[in-house]
Amino acid sequence: MRIGLDSPPRRVAFTFAALLLTISFLYGLQLHLRGALWAQSLHLQGLQRATDLEPSNADYWHSLGRFRLIISQDPQAAISDFHRAIALNKNVSRYWMDLANAEQLLGNAKDQQQALEQALANDPKTPDVSWEAANFYLSAGDNQRALQNFKTVVENKPDEAFAAFDLAWRATHDVNMILRFAMPDRVEPHLSLIDVLYRAKQSNAALIVWHETVKMAQPFKPQLAMPFVQYLVDQRQIDSLTEVWAGLAKMSPSFRPSTNDGNLIVNGDFTEEIIPGPLSWKMKPNPAVMTVDVDDQEFQSNSSSLRFVFKGSAFDDSGISQFVPVKANASYELQAQVMSRELESANGPRIIIVDAYTNEPIALGQEWQGTHVWTPEAFSFTTRPSTRLIKVLIGRSPSDGLIRGRLWIDNIRLYER
C-alpha cells in the first residue's frame, strides 16, 4: 500500500518514524562496536563489559569463560559462562569442548563425558574434537571408543597419524585392536603405525601391520617403508627383512632381481630406476674421486650398464654397493660382465664381498685394468658360520695408488650353489 505524504502532519510523522529507526539502528550499532572492542581486551573487566553490552552474543560469553578457565583458574565460574554461550548457540563444538575441560578440572567425569559427546555430535569429523574425546575415553578405560576417535583424527588429519598411533599403542599395547578400531582403509596410516612400532622395538607387531599393508595391494611410495627395512637390517632380523623386501618387490621392479632364475642381486642389469634402499643399490660415490651413472649407450645384456669415470684419486670403496641376505656356511657364485677403457692403476677396481655387519672380507673378484671389450667374470665363495648378510661393493684392495679411466659393469648376478 502506498502512503501519501501530501500533508504536513503525514510528512512530520514519517520523518519522526524514520528518525526513531535510525536512532535505534545507530544505538544497536554502537553497542555492537563497543562490545567488539571490549571483547578484544585481555582482562576480565573488559570481557565482562562486552557481555553486558551484548548479552545475546554467545562468542562473548565463551571468551569470558575461557579467560576464567585459563587465566583466572576458576573453572566453576567458567562453566557458568560456557552454559550461557551454549544456551545462545548449542551448535558450536568449541563451546562444548571448553565446557568439558572445565568439568574435568572439577572432577565431574559424567558432565565432562556429556559435553564431549555433544561436541562430537556437532562435529563428528573434526580432528581436534575427536582427539580430546579419545584422550577422555582412554582415561576412562574405554579403549574401543578412544580408538574409534583416533581413527577420525587419522582420517581427517593425516599429519597427526604418528602421534595418534603412538598414544594408542602406549595405552593398549594391542596391535590387533588398533588395526580393528583405529585404522583407516589406506596404506599410509598403516605405514605410520609401523613407524611407531619399530621405533618402540616391537618387531612382531610391526610385521603384523606389514602383512595387512601388503594385503591391501594399494600403491605407495616405497621410500616410506625404507626406515622399517633399515631397522630390520640394524636389528639383524634377516628372515623378516627378506619377507618385507619381497613385499616391496611385488610393488616395484626396482626391487626385484633382473632374472627370475634364483638370482639374488636386485636390478643387476641397471634397466630399472635405481631407488636406494637397504637391499637395492646404494649410490654414494665421492664426486671428487669419480662420477658414476647409468649408461644407455654401452651395455651387454639389456639396455644399460653402470659406468664409472675415475678422476685419479685413490679410494677403497666406490660408494656403490648392495646388501644381500644369504645363508650361513653356504656356497655362492657371483657373475658379472665388465668392460674398461684406458683404465690405469697399480691396483685396479674389483668386486668385493664383505660381511655386512663385521666388514670382514669374504671374497675378492679380479682386478680390472687396461682396455677390454665386454668380458665375463665369475668367482665363488663360501659364507662364514655367522654370516647372514653380505655387502657386494665395487672397491679396491689394496686401495693405495692413483686411478684413471673408465669402467662399465653389467648383468651382475649372485646364485647359491
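The values are calculated or read from the model by the stated rules, or taken from the named source; none is laboratory data. Predicted model only: the values in this text are computed from it and were never measured. All Cβ positions, even for glycine, are placed from backbone atoms using ideal geometry, and neighbour counts span all protein chains on display.
Quick one: how many residues across segment 305-319 are under 24 Å from Arg413 (Cβ atoms) and crowded, with 20+ Cβ neighbours inside 10 Å?
Residues in segment 305-319 being under 24 Å from Arg413 (Cβ atoms) and crowded, with 20+ Cβ neighbours inside 10 Å: 5 in total.
Quick check on my filter: what residues within segment 125-144 are of a type outside the set (Ser, Thr, Tyr), touching a helix residue (DSSP H, G or I) at 6+ places or on another chain (Cβ under 9 Å) and more than 20 Å from Arg94 (Cα to Cα)?
Once the filter is applied, which keeps residues that are of a type outside the set (Ser, Thr, Tyr), touching a helix residue (DSSP H, G or I) at 6+ places or on another chain (Cβ under 9 Å) and more than 20 Å from Arg94 (Cα to Cα), segment 125-144 yields Leu138, Ala140, Asp142, Asn143, Gln144.
Select from segment 104-119 the residues that are under 17 Å from Leu138 (Cβ atoms), among the aliphatic types (A, V, I, L, M) and either surrounded by fewer than 20 Cβ atoms within 10 Å (Cβ to Cβ) or modelled with pLDDT of 90 or more (or both) and list them in ascending order.
If the condition is that a residue be under 17 Å from Leu138 (Cβ atoms), among the aliphatic types (A, V, I, L, M) and either surrounded by fewer than 20 Cβ atoms within 10 Å (Cβ to Cβ) or modelled with pLDDT of 90 or more (or both), then Ala109 is the only one that fits.
Inspect all residues belonging to segment 269-283 and state whether any of them is in contact with a helix residue (DSSP H, G or I) (Cβ under 6 Å, 6 or more places away or on another chain), at negative phi and aromatic (Phe, Trp, Tyr).
No, segment 269-283 contains no residue that is in contact with a helix residue (DSSP H, G or I) (Cβ under 6 Å, 6 or more places away or on another chain), at negative phi and aromatic (Phe, Trp, Tyr).
The rows are residues; the columns are (1) buried (at least 21 other Cβ atoms within 10 Å of the Cβ); (2) in contact with a Gly (Cβ under 8 Å, 6 or more places away or on another chain); (3) over 19 Å from Pro276 (Cβ atoms).
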site	(1), (2), (3)
Met177	no, no, yes
Met183	yes, no, yes
Ser192	yes, no, yes
Glu212	no, no, yes
Pro227	no, no, no
Ala249	no, no, no
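Among residues belonging to segment 341-391 that are small (Gly, Ala, Ser) and under 40 Å from the mean Cα position of the chain (by Cα), point out the one that is nearest to Gly312 (Cα to Cα).
In this case the residue turns out to be Ala363.
In segment 130-139, is there at least one residue being surrounded by fewer than 18 Cβ atoms within 10 Å (Cβ to Cβ) and in contact with a Phe, Trp or Tyr (Cβ under 8 Å, 6 or more places away or on another chain)?
no
Out of all the residues in segment 230-271, which are of a type in the set (Asp, Glu) and within 27 Å of Glu212 (Cα to Cα)?
Correct list: Asp234, Asp239, Glu243.
Output the number of residues of segment 188-241 satisfying the condition of being part of a helix (DSSP H, G or I) and touching a strand residue (DSSP E or B) at 6+ places or on another chain (Cβ under 8 Å).
3
Gly268 fails exactly one of the following numbered conditions: (1) in contact with a Lys or Arg (Cβ under 6 Å, 6 or more places away or on another chain); (2) under 30 Å from Gly312 (Cβ atoms); (3) not in a loop (DSSP other than H, G, I, E, B). What is the number of that condition?
(3)
Scan segment 330-340 residue by residue and report those that are surrounded by 20 or more Cβ atoms within 10 Å (Cβ to Cβ) and within 39 Å of the chain's Cα centre (by Cα).
Passing the criteria: Tyr332, Leu334, Ala336.
Looking for something modelled with pLDDT of 85 or more, in the same structural domain as Ala119 (by TED's automatic domain parsing) and either surrounded by 11 or more Cβ atoms within 10 Å (Cβ to Cβ) or in contact with a Lys or Arg (Cβ under 7 Å, 6 or more places away or on another chain) (or both) - is there at least one such residue anywhere in segment 34-54?
Within segment 34-54, one or more residues are modelled with pLDDT of 85 or more, in the same structural domain as Ala119 (by TED's automatic domain parsing) and either surrounded by 11 or more Cβ atoms within 10 Å (Cβ to Cβ) or in contact with a Lys or Arg (Cβ under 7 Å, 6 or more places away or on another chain) (or both).
Per-residue answers, yes or no, for (1) at pLDDT 95 or above; (2) closer than 23 Å to Ala336 by Cα:
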residue: Pro222; (1), (2): no, no
residue: Gln230; (1), (2): yes, no
residue: Val233; (1), (2): yes, no
residue: Arg236; (1), (2): yes, no
residue: Asn260; (1), (2): no, yes
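Looking at segment 253-274 only, could you name the residues that are within 23 Å of the chain's Cα centre (by Cα) and surrounded by 19 or more Cβ atoms within 10 Å (Cβ to Cβ)?
Ser254, Phe255
Can you tell me which residue among Gly319, Gly312, Gly365 is modelled with pLDDT under 95 and in the same structural domain as Ala288 (by TED's automatic domain parsing)?
Result: Gly312 is the single residue among Gly319, Gly312, Gly365 that is modelled with pLDDT under 95 and in the same structural domain as Ala288 (by TED's automatic domain parsing).
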